[in-house]
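I have placed the structure first, in the form of structure tokens, so that the comments after it can refer back to it.
The values are calculated or read from the model by the stated rules, or taken from the named source; none is laboratory data. Predicted, not measured: the structure shown is a model, and the values here were computed from it. We place every Cβ from the backbone using ideal geometry, glycine too, and count neighbours over all the protein chains shown. Calculation scope for accessible area: heavy atoms of the full protein, side chains included, ligands and nucleic acids excluded. Shrake-Rupley method; radii C 1.70, N 1.55, O 1.52, S 1.80 Å.
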Amino acid sequence: MAEKTYKWVGTRQPRPDGADKVTGRARFGADFDMPGQLVGKVLRSPHAHANIRSIDTSKAEALPGVKAVMTSADMPDMPDEMAPAGEVMVNLRDVTRNVMAREKALYDGHAVAAVAATTEAIARQALALIEVDYEVLPHVIDVDQAVAEGAPILHENLRTKNVDGAEDTLTNVAARIQFTKGDMDSGWSQADVVIEHAFTTKPVHQGYIEPHAAVASTTEDGQVQLWCSTQGQFNVRGYCAKLLGMETSQIRVTPSEIGGGFGGKTVVYGEPLAIKLSQKAGKPVKIVMTREEVFRGSGPTAAGAMDVKLGATKDGRIVAADLNIRMQAGAFPGAPVGPACMCSFACYDIDNINVVGFDVVSNRPKVAAYRAPGSPVAAWGVESAINMLAEKLGMDQLELRIKNAAREGTKTHYGPTFKDIGMAATLDAAKNSPHYQTPLKPGQGRGVAVGFWFNIGMDSSAACHVGEDGTVTLISGSPDIGGSRASLALMAAEELGVDYQKIRPIVADTASIGFNFLTGGSRVTFATGMAVVQAVREAIDELRARAAKLWEVDVEAVIWEDGCAKPAGSNVGDFEPLSLAEIAVNAGKTGGPINGHAQLNAQGAGPGFGAQIYDVSVDQDTGHVTVDRCTVVQDVGTAIHPDYVEGQLQGGVVQGIGWALNEEYIYNDKGQLENTGFLDYRMPVASDLPMIEPIIVEVPNPNHPYGVRGVGEVPIVPPMAAIGNAIAGATGIRMTDLPMSPPKLSAAIDAARVSEAADD
Amino acid sequence: MAKVILTRWLARQFTAGQIEHQVPGLTIRALARELEYRYPGIIKHLEDGVAVAIDGEIYQNAFLEKVEPNSEVAFMPPIEGG
Amino acid sequence: MRYVAPSTLEEASAFLVDANGNGRVLAGGTDLLVQLRAGMANPDTIVDVKHIDELMTIKEEADGIRIGAAVCGQAMGEHAGLNNTWPGLVEATELIGSTQVQGRASAGGNLCNASPAADSVPAMIAAGAMISVYGPDGHRELAVENFATAPGKTNLKEGELITSIKLPKPAEHSGDAYLRMTPRTEMDIAIVGLGVALTLDSEGTVTAARVGLGAVAPTAMLVKEAGDALVGSKLDDEALERAAEACRKACNPINDKRGTIEYRTKIAGVLLKRVAKIAAERAGS
Ligand SMILES: Cc1cc2nc3c(=O)[nH]c(=O)nc-3n(C[C@H](O)[C@H](O)[C@H](O)COP(=O)(O)OP(=O)(O)OC[C@H]3O[C@@H](n4cnc5c(N)ncnc54)[C@H](O)[C@@H]3O)c2cc1C
């Protein structure tokens, strides 16, 4: 594709929502209030696994100030089948049970009842008055223990999908999936060198700053308004309508500004409860989670336990690859095991591949999406094993990857054959980076890893309204998490040929714009961007038509250039260009308001590849790891707003460093979560991080008007393995279980010293 | 004829394990209908809750999408994201 | 809940006595306010002591420096005399929280909150600091290592509060230092915290040494054997190892979400060696 030059796309403009955010004026979920609003609070199970024999709410109801109490009995039960809710296929039986426990509490923190009261103190008091008769059951937290024979069974009705003869067997394994390519026996027989190892990861929380918050207000005629912090107001609407037996048009959801989501705000928790309580109380109800509730009750990402086996020829050609991965779904099926299996070896061109994955339930909160769901877990095992292979072959870790990189024509193990992809370009950029060219300092280790994500499209709607003064309101339904308003406005400015500042992008509620699938999967700049461009083009066509009317020429004789209607050629007539503002001011006289609309299912999202390089130092006595230098290389298609592209790359790396080094859930022997706050759930702070150097590779996506692929998912895929590889470089020790926290690394270093001493 | 690639478990359930199929049809819907004719019951697994890669590009909710005579069409699990 | 802000010690003590065990002193509030919000504390009376001059000033006296109990970390960090004489204590205090927390958090609060992992406490123990207490029975003094009795418990009696902390004037060629081990570099809680104060003679031989150790037992403590092991040495490997071993022996930690017994014990030894060297370097210069 020829290099295009743009006036606005690719420039670093101030974000439209910036002033509000830095002055504290922006309204996040908990900032919405209604007159007469009640405080909603949720009672949560203290048990990891228990039958609920009965719930007595009478004392709570009798407490003055309590206006409504609810349990699962207030919501209809749902059939055990996959159904669409806001364009996501979900099992509504499970969703309704996750939102509020029915026959069983399945994890510490599982919601069992909720109250709405005039004050928070009364609401808390009411929770204490609800009597739940639990029959405590044995529980299981760990994924491999959940699969083991004799493990406590979470769901009597669960049978393993895709396994013959599983009809009669009680199990915690919800599904088995498998992908194969080539012939494994032949692969292994060609291999001169084989690596085989087991790896585990821990579930980690998305760690968004803003806890979930929702305010629901219902009216006597059954209409509901909901304000909440979400990645997808249309998905919230879809879920709530299904769970409460309502019509979608009766629920109007307005998304607040959002203090992070990372996938964790793609599902519902308190939203349907706030609606139900509001319906019962006849007043608005506000539910805001505490941080403790966020940790105990909302989705972390899935963890995995896996076995990886790789075979290669002496010269470093990988000829066989095998992955068996058990992923932890939490209390209900739905670990991202499909993507984990598909992404696992997607970066490589390998002839013989076998990948088997399992979706496993255990007594922990149901997982939610987290950046590139599943991919980082598989990459931890695969990318660690690739380095073990490089060590065994005596090859450079980056050379081995370059030699086996997926490229145009590579057939993946999950079916499709890659077209034009940026894996090779990304690896070349990594190899030529100043970082990789710089020698290590004494004591340091360097690690590399690569990562893949599909990127997705899905449904978006957008509208472009031209104001009477020639400024433009740009309307979409995609919550702005990573600066998407700025990116959408840049594309609109480019199309229209007007100043970026003349375009005001807004995020509309579910009643003010057509359906938009949620913000996630790195789709907004791609898919909503496409809708925006189409909507703007429709408005431009209308602008041309108005100019044609004024000039009394055919619309084909009018072109749009530099923000003006111009005659297509000298034969059209001698007309001065008409600016957007000049046409807009006469809109009423030439046919009424000038708007453009578009709605589409965006297809052809381009796959994203990334490579990351880390230098670390290890304190050999304490096991403390310092990340000294980090470079993140990624093919993003086109960087519409480079600041926010870099922000996504850096943010993914930060979360990956936390996942690698310290983040984990700590359970006591009763299955209760012990670290329910940021003091003991250790996400990195600024001083834990080096400057993270982004290198943006731009291989434009031919399916998008501005070449966008998607950015936000890939950067969290490589960090864990890359850091593990760097630690191996610095210490000679291969860590196989996350997190590589100081106590664990220190113990491993000591164990290695002991065995070295024994060898001497 | 498009080259259709099924997931392993669909193949196990419906096609006696055969993963690759030569199928006539110029849209995803046409391919799905032809496969349903050959393997009754398979269509609901091809029309909902799946993604389709047409010549390496992923389509979600694909239905009326065009397919070239020599296209490779792979059905795969749907993809969401964070 | 009642909030009072007396300007004299006598009034403050009287308010605490009136509250009948349900009164709490408020210094910087960086522990207390967090506990209130979490529902872990629910006092009837809050006695803000920041209007009592004595608690808010740092005074250089003939035989040392007296730090008001409610003086914040930021003020300690900016005090030249304190930095010159007890840099280790200053660095320990400055580890507490962040810039924002530093503007409030006090050494008195750190002591009275009685967390085994409190950062300033091992440094104060190493320095040989004395605590001045005022209460219904008047003034009394006690050594820092004798102050906390259990996690969250001190030997303050009803109506008593800390007024100041007195640091002795160090002998010539003395130095102190403090290090803690935390998985994160900031905003974390010590897995082990260790302070050393020592004095050298003109040859570089240690003539006096005190070691304070935190986060590895129900209370921070003085590890006398560790200090003794250093005395008479030039901090050679053998002496350091003996002192490290004394620290490891003194450990009586729990396995919890913040660290394992093995790890805490090991790190106590690691830190002893590192901290002693820094203190000696300061003493020598
Ligand atoms: C974000 C954050 C990070 C933190 N990081 C650290 C850290 O790294 N290391 C660390 O050690 N601590 C840390 N803390 C805890 C806290 O900041 C310290 O313990 C601080 O020294 C407490 O001082 P304060 O003046 O704020 O105490 P307050 O909260 O005012 O008081 C603490 C307790 O002592 C009592 N009290 C206070 N003064 C007196 C007095 N003069 N007489 C009698 N009783 C008194 C109070 O009643 C209360 O029980 C952190 C706290 C926060 C919020």
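Panel note: contact residues of segment A:636-666 (accessible area lowered by at least 10 Å² against the chain on its own; 1.4 Å probe) correspond to A:662, A:666. Remark: segment C:2-168 carries 43 Å² of accessible area per residue (probe radius 1.4 Å; ligands, DNA and RNA excluded).
Residues within the reach of a label modelled at residue A:22 (point 7 angstrom out along Cα to beta-carbon, backbone nitrogen below 18 Å), restricted to segment A:667-696: there are none.
In straight-distance terms, cross-link reach from residue A:41 covers every one of the lysines whose alpha-carbon lies under 17 Å from its own, apart from those fewer than eight places away in the same chain; here that gives A:59, A:67, A:276, A:280, A:283, A:286. Compared with its chain on its own, segment B:61-82 contains the following residues whose accessible area drops by 30 Å² or more in the full protein assembly (probe 1.4 Å; ligands, DNA and RNA excluded): B:61, B:72, B:76, B:77, B:79, B:80, B:81, B:82.
Taking all protein chains together and a 1.4 Å probe, the residues C:130, C:1 rank C:1, C:130 from largest to smallest accessible area.
Model label points for residue C:61 and residue A:197, set 7 angstrom from Cα along the Cα-to-Cβ axis, are 6.1 nm apart. Within the shell defined by Cβ-Cβ distances under 12 Å, the residues around residue A:745 carry a net charge of -2, with Lys and Arg each +1 and Asp and Glu each -1. FRET efficiency for the residue A:148 to residue A:441 pair, using the beta carbon distance and R₀ = 56 Å, is estimated at 0.75.
Computed with a 1.4 Å probe on the full set of protein chains, the accessible area for residue A:269 sits at about 20 Å². Each Lys or Arg adds one and each Asp or Glu takes one away; over the other residues whose Cβ falls under 11 Å from the Cβ of residue B:36, this sums to +2. For segment A:426-458, list residues with backbone N below 16 Å from a point placed 7 Å from the Cα of residue A:315 toward its Cβ? What the label zone holds, given the 16 Å backbone N cut-off, is no residue at all. Rg and Dmax of segment C:174-284, based on Cα coordinates, read 13.5, 46 Å.
Each chain gives up part of its surface: B and A jointly bury about 2500 Å² of accessible area, both sides summed, for a 1.4 Å probe. The A-C contact accounts for approximately 1800 Å² of buried accessible area, totalled over both chains at a 1.4 Å probe radius. Considering only beta bridges that DSSP places wholly inside chain A, some 75 percent are antiparallel. Rg/Rh, computed from the Cα trace of chain B with Rh as the Kirkwood radius, has the value 0.93. Expressed as a whole percentage, what fraction of the accessible surface of segment A:288-444 belongs to carbon and sulfur atoms when a 1.4 Å probe is rolled over the protein heavy atoms? On segment A:288-444, the fraction of accessible area on carbon and sulfur atoms equals 51 percent.
Using C-alpha pairs below 8 Å separated by at least 6 residues, the relative contact order for segment A:601-741 is 38 percent.
Full extension from residue A:291 to residue A:750: what is 0.36 nm times the residue separation minus their Cα-Cα distance, to one decimal in nm? The partial results should precede the final answer.
Numbers: separation 459, 0.36 × 459 = 165.24 nm, distance 3.65 nm.
Result: 161.6 nm gained on full extension.
The residues of segment B:2-76 expose, per residue, 46 Å² of accessible area to a 1.4 Å probe. For segment A:231-312, the per residue solvent-accessible surface stands at 23 Å², with DNA, RNA and ligands left out and a 1.4 Å probe. If R0 equals 35 Å, the separation of the Cβ atoms of residue C:141 and residue C:234 corresponds to a calculated FRET efficiency of about 0.50.
Per-residue ellipticity at 222 nm computed for chain C from its helices equals -10000 deg cm²/dmol, with DSSP H segments shorter than 4 residues left out and the rest contributing -39,500 (n - 2.57). Are there residues in segment B:1-29 whose accessible area shrinks by at least 40 Å² when all protein chains are included rather than the chain by itself, and which are they (probe 1.4 Å, ligands and nucleic acids not counted)? The answer is B:8, B:9, B:12 - residues whose exposure falls by at least 40 Å² when every protein chain is included. Taking every Cα-Cα distance in chain C and sorting them into 10 Å bins from zero, the calculated P(r) comes out as 7, 30, 35, 21, 7, 1, 0 percent.
Computed from the alpha carbon atoms alone, the convex hull of chain A holds 177 Å³ per residue. Taking the charge dipole of the protein assembly as shown about its Cα centre, with +1 at Lys and Arg Cβ atoms and -1 at Asp and Glu Cβ atoms, the residue from C:163, A:249, A:8 reaching farthest to the positive side is A:249. Could you pull out every one of the lysines with an alpha carbon less than 21 Å from that of residue A:161, ignoring same-chain neighbours closer than 8 positions? Hits, sequence-local ones excluded: A:366, B:44. Look at the alpha carbon pairs under 8 Å that are at least 6 residues apart: their mean separation over the length of chain C gives a relative contact order of 16 percent.
Residues whose amide H falls under 5 Å from that of residue A:230, counting only those 5 or more places apart or on a different chain, are A:256, with hydrogens built in the peptide plane. Multiplying the residue separation of residue A:420 and residue A:221 by 0.36 nm and removing their Cα-Cα distance gives an extension gain of 66.2 nm. Mean sequence separation of contacting Cα pairs (under 8 Å, at least six apart), scaled by the length of segment C:109-229, corresponds to a relative contact order of 32 percent.
In whole angstrom, how far apart do the alpha carbon centroids of segment A:154-208 and segment A:577-636 sit? When both Cα centres are located, 34 Å separates them.
Approximating the spin labels as points 7 Å out from Cα along Cα→Cβ, the residue B:22-to-residue C:18 distance works out to 9.8 nm. Across the accessible surface of segment A:102-240, with the other protein chains kept in place and a 1.4 Å probe, carbon and sulfur atoms take up 50 percent.
Of all lysines in the structure, the ones whose alpha carbon falls short of 26 Å from that of residue C:50, not counting any fewer than 8 places away in one chain, are C:59, C:153, C:157, C:166. Across segment B:66-72, coupling constants 3J(HN,Hα) worked out from phi with the 6.51/-1.76/1.60 Karplus curve, θ = phi - 60°, read 7, 10, 7, x, 10, 5, 9 Hz, and Gly and Pro carry x. For segment C:159-224 versus segment A:341-407, the spacing of their alpha-carbon centroids is 48 Å. Counts of other chain beta carbons within 10 angstrom of each beta carbon in peptide A:85-98 average 1.
Summed over qualifying helices (DSSP H, 4 residues or more, each -39500 (n - 2.57)) and divided by its residue number, chain A shows a 222 nm mean residue ellipticity of -8500 deg cm²/dmol.
If you average the alpha carbon positions of segment A:281-317 and of segment C:96-139, how far apart do those two centres end up, in angstrom? What the calculation gives is 40 Å, centre to centre. Taking amide H as placed 1.01 Å from N in the peptide plane, residue C:179 has its amide H under 5 Å from the amide H of C:194, each at least 5 places away in sequence or on another chain. Surface composition of segment B:2-76: carbon plus sulfur atoms hold 51% of the accessible area, using a 1.4 angstrom probe and ignoring ligands, DNA and RNA. Taking 7 Å steps out from each Cα toward its Cβ at residue C:80 and residue A:586 produces label points 7.7 nm apart.
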